[in-house]
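This report refers to the structure that appears directly beneath it.
The values are calculated or read from the model by the stated rules, or taken from the named source; none is laboratory data. All figures in this text were calculated on a predicted structure; none of them were measured in a lab. When we count neighbours, we look across all protein chains shown, and the Cβ atoms used for this are built from the backbone with ideal geometry, even at glycine. With ligands, DNA and RNA removed, areas are computed over all heavy atoms of the protein, side chains included. Shrake-Rupley method; radii C 1.70, N 1.55, O 1.52, S 1.80 Å.
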Amino acid sequence: MNFELVKATLTQSKGDIVVVGVFKGEDAGKSLKALDAKLPKALEDGIKKHLESEGFKGKVSEIVCVPTFGHIDCPKLMIVGLGSKEEFNPNIIRKTSASVARKVKGHGSTAKVIMILPHEVKATKARSGKSPAKATIDGAALAKAAVEGWVLGKFEFDKYKSQKDKSDQPTGKRAASVKKGEISLALTGITIDTKTFQKAVKEATAVAEATIFARALVDEPPVYMTPTRLSIEAKEIAKDHGLTCTVLSTPQIEKLGMGCFLGVARGADEPPKFIVMKYTAPKAKKTVAIVGKGITFDSGGLSLKPAQSMERMKYDMSGAACVLGVMRVVGALKPNVSVLAVVAATENMPSGKALHPGDVIRAMNGKTVEVNNTDAEGRLVLADALTYAIGQKADELIDVATLTGAVVTALGRAAAGIMGTNQDLIEKIMEAGQDSGERFWQLPLFDEYKQALHSDVADLMNAGSRGEAGSSCGGMFLKEFVENKPWAHLDIAGVAWSEKNKDELNKGGTGFGVRTLSRYLMSH
Ligand code: BES
Ligand code: MN
Ligand code: ZN
C-alpha cells in the first residue's frame, strides 16, 4: 500500500481523483475557493450546481463525484461530507477516508488519489472527559486516521467468492500482503514533517492491517477457523514478530486443572487449544494481560440455541481475533509495556460427552461452579484464562469477549460494554477508544448482582436467573477470578459483527478492540 505526503493545492493536484471535504451547511463552492483561490470560476460554479442537483448536505461520508473537464489536472473531484464543523475530529477523517476507499475500489483500475485534509479546523466541542476546547487538530492524528480508514475501507472478505472483484484490495487472511498496481493515497493539507508522517503511516497501517486480519479470522467459516487453526495463526504471528508462543493441548490443560475450560470443551470433537503469547518490553514496568474468548462456534451446547441465534455464532471467537490482532501490532510497534496474550479456544457443542446443565466443575483457582446453562460458556473459559494470566504474573487484566446477548439489548451496535474493578484502567481504555473511533459504555458491577450467581450446591452458578442485568452478571462472574488485580472486561457481543458496510466497518467481523487496545498499549 502506498501512502505519501505531498504539497499540493486543489488546482495543483496531479492524480486521478482529488478528494476535498466540505462541512455541513457550508457553501461548497465558496469553501473550495477559500481552499484555493486559483480555482477557476467555471469549475466553482459547476461544482456548486452539481452538488445542489445531487442534494449534497455535507453529512459525514456523503460523497459526490464531479468531473473537472480539464479545468484542473485531476480529471475527477470527490466532494465528501465532513459533518458539522463544531464536531469535527480525526474520527471523521477515518470514516470519510474509508468511504472514499470503498468507492474508489469499485472503480477497478489503478489510481492515484489525492486527499486534501482539513488542517485549520479547530474542534470547538470539548470531548467528554477532556477539558479545553479549541485545540487545533493534530496533523499526525489526521494522517493516521486517513491511513487507517483507507486500509479498513478497502477490506473485503472474498476468499470464497469464485468471481472476485477485479480491484486490488487485500483479501482473505493474508490481508497484510500488498499487491502491485493498486490505488495509492497522497495526503496534503497538513503541516507535518516527513518523519512524523512516516511514523504516523507505520502506526496506522500496523493497526489497520491487524484489524482486517482479525476481521478475516472472524469471517472464516467455523469448520476452518477451529481452535487448532487459531493456534497456528498465533504461532505465525509470534514467528513473524519475535514473540514467544506456547500452545497447550488437552493433557497440559488437564494438568493445570482448568476444569471450567475443559468442561466447555468436553462436548466438542475439535480439540481445545490454550494459546499463550508473550511480548517482553526491555524496560517494562508492568505486564498487561489481554485475554480473549475463543469460542470458534457457540451452538449453546446442550442448552442449545435456536437456529436464528446460532446462525452467526462463528463470531464468538471475536475476542480471540482481537487479541491476536493486537499481538501483531505489539510485535510491529513494540510498546514500552510487556504484554501477555491468553486465548482459551474451543467449540461449544452438544454431544453425549457434553456438559449437562446441573454439572459441577472446578475452576483452576479452586472455585466450584454449577453449570445451569451450558450456553453461558464464555465466562467459564475466561475464568480459567484469567486465573492462568495471574499465575503468569500479569499486573493488569483486560478480557475481550462476545459474552452476552444482553449487551446487544442494552447498547445495540453503538458501543461495547466495559466494566471492571479499576476506574482508572476503564477510563484509559475508554479514552483510547475515543481516539480510535471505537465506543465503550460503562456498565456497573453492583454487589447485588452476585446473588444471581448463587448456587445451592457449588460456590457459584454460571448463568443464574436470566433476563436481569445479564451483562453485569457475566462481569460479576468473571470478577470472582481476577483476585485483586486491576481488571477491565470488554463485552463486544454487539459490536464485533456488522450487518452493513458503513464508514470504516464492513459487513461481517469488525475486528473491534484491535484499535483501542493497540492504542492503549502504545500509550505506555
Ligand atoms: N456467545 C453468546 C453471547 C452472544 C449473543 C454473542 C448474541 C453475540 C450475540 C454467549 O455465549 C451466550 O450465549 N450468552 C448467553 C448467556 C446466558 C445463558 C446467561 C446469552 O447471552 O444468552
Ligand atoms: Mn453461549
Ligand atoms: Zn458464547
Regarding the range 314-321, can at least one residue be identified that is among the polar types (S, T, N, Q) and either within 16 Å of ligand 3 (Cβ to nearest atom) or more than 27 Å from ILE426 (Cβ to Cβ) (or both)?
yes
So which residues in the range 174-203 are at pLDDT below 75, surrounded by fewer than 20 Cβ atoms within 10 Å (Cβ to Cβ) and under 22 Å from ILE237 (Cα atoms), if there are any at all?
ARG174, ALA176, SER177, VAL178, LYS179
Condition first: in a loop (DSSP other than H, G, I, E, B) and open to solvent by 80 Å² or more (accessible area, probe 1.4 Å). Now tell me which residues in the range 303-315 satisfy that.
LEU304, PRO306, GLU311, ARG312
Is there a residue in the range 328-343 that is touching a helix residue (DSSP H, G or I) at 6+ places or on another chain (Cβ under 8 Å), within 16 Å of ligand 2 (Cβ to nearest atom) and open to solvent by less than 10 Å² (accessible area, probe 1.4 Å)?
no
Which pairs do you get when a residue that is in the same structural domain as VAL371 (by TED's automatic domain parsing), found in the range 253-264, comes within reach of a residue that is open to solvent by 20 Å² or more (accessible area, probe 1.4 Å) and in a loop (DSSP other than H, G, I, E, B), reach meaning Cβ atoms under 8 angstrom, with the pair 6+ apart or on two chains?
LEU256/MET364; GLY257/MET364; MET258/MET364; GLY259/MET364; CYS260/MET364; PHE261/MET364; GLY263/ASP359
Let me confirm something: among ILE72, ILE79, which residue is more than 38 Å from the chain's Cα centre (by Cα), under 29 Å from LYS144 (Cβ atoms) and in contact (Cβ under 8 Å) with a residue 24 or more places away in the chain?
ILE72
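What number of residues within the range 358-386 are more than 25 Å from the chain's Cα centre (by Cα) and not in a strand (DSSP E or B)?
Number of matching residues: 11.
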Within the range 274-302, which residues are open to solvent by 10 Å² or more (accessible area, probe 1.4 Å), in contact with a Gly (Cβ under 8 Å, 6 or more places away or on another chain) and away from ligand 2 (no atom under 16 Å from the Cβ)?
TYR279
Any idea which of (1) over 22 Å from the mean Cα position of the chain (by Cα); (2) away from ligand 1 (no atom under 14 Å from the Cβ) is the one PRO335 doesn't satisfy?
(1)
Out of all the residues in the range 377-393, which are among the aliphatic types (A, V, I, L, M) and touching a Cys at 6+ places or on another chain (Cβ under 9 Å)?
LEU380, VAL381, LEU382, ALA383
Among all residue pairs at least 6 apart or on different chains, which show Cβ distances below 7 Å where the first residue, located in the range 393-421, is closer than 17 Å to SER472 by Cβ and the second is within 12 Å of ligand 1 (Cβ to nearest atom) and acidic (Asp, Glu)?
ALA401/ASP491; THR402/ASP316; LEU403/ASP491; THR404/ASP491; VAL407/ASP491; ALA416/ASP491; GLY417/ASP491
Taking ASN365 as the residue in question, decide whether it is of a type in the set (S, T, N, Q), in contact (Cβ under 8 Å) with a residue 24 or more places away in the chain and touching a helix residue (DSSP H, G or I) at 6+ places or on another chain (Cβ under 9 Å).
yes
Restricted to the range 493-524 and to residues being in a strand (DSSP E or B) and more than 24 Å from GLU377 (Cα to Cα), the residue nearest to the chain's Cα centre (by Cα) is LEU505
Given LYS30, LYS49, which one is at pLDDT below 90, open to solvent by 60 Å² or more (accessible area, probe 1.4 Å), not aliphatic (A, V, I, L, M) and not in a loop (DSSP other than H, G, I, E, B)?
LYS30
Quick one: GLY358 ticks every box in (1) touching an Asp or Glu at 6+ places or on another chain (Cβ under 9 Å); (2) more than 21 Å from PHE297 (Cα to Cα); (3) open to solvent by less than 40 Å² (accessible area, probe 1.4 Å); (4) not hydrophobic (A, V, I, L, M, F, W, C) bar one, so which box is it?
(3)
So MET349, is it hydrophobic (A, V, I, L, M, F, W, C) and within 13 Å of ligand 1 (Cβ to nearest atom)
yes
Working carefully through the options ILE275, ILE295, find the one that is closer than 18 Å to ALA385 by Cβ and more than 16 Å from ligand 3 (Cβ to nearest atom).
ILE275
Of the residues GLU499, GLU504, GLU483, which is open to solvent by 70 Å² or more (accessible area, probe 1.4 Å) and in contact with a helix residue (DSSP H, G or I) (Cβ under 7 Å, 6 or more places away or on another chain)?
GLU483
Hey, does the range 412-428 have a residue that's farther than 11 Å from SER471 by Cα, away from ligand 1 (no atom under 16 Å from the Cβ), open to solvent by 60 Å² or more (accessible area, probe 1.4 Å) and among the basic types (Lys, Arg)?
yes
Considering every residue within the range 317-329, establish whether at least one is assigned to a strand (DSSP E or B), within 16 Å of ligand 1 (Cβ to nearest atom) and not hydrophobic (A, V, I, L, M, F, W, C).
no
Which pairs do you get when a residue that is assigned by TED's automatic domain parsing to the domain that holds VAL343 and within 19 Å of GLY263 (Cα to Cα), found in the range 286-298, comes within reach of a residue that is within 16 Å of ligand 2 (Cβ to nearest atom) and open to solvent by 10 Å² or more (accessible area, probe 1.4 Å), reach meaning Cβ atoms under 6 angstrom, with the pair 6+ apart or on two chains?
THR296/PRO222; THR296/GLU347; PHE297/PRO222; PHE297/MET313; PHE297/LYS314; PHE297/GLU347; ASP298/MET313
Members of the range 481-492 that are part of a loop (DSSP other than H, G, I, E, B), away from ligand 2 (no atom under 16 Å from the Cβ) and not polar (S, T, N, Q)
PHE481, VAL482, GLU483, LYS485, PRO486
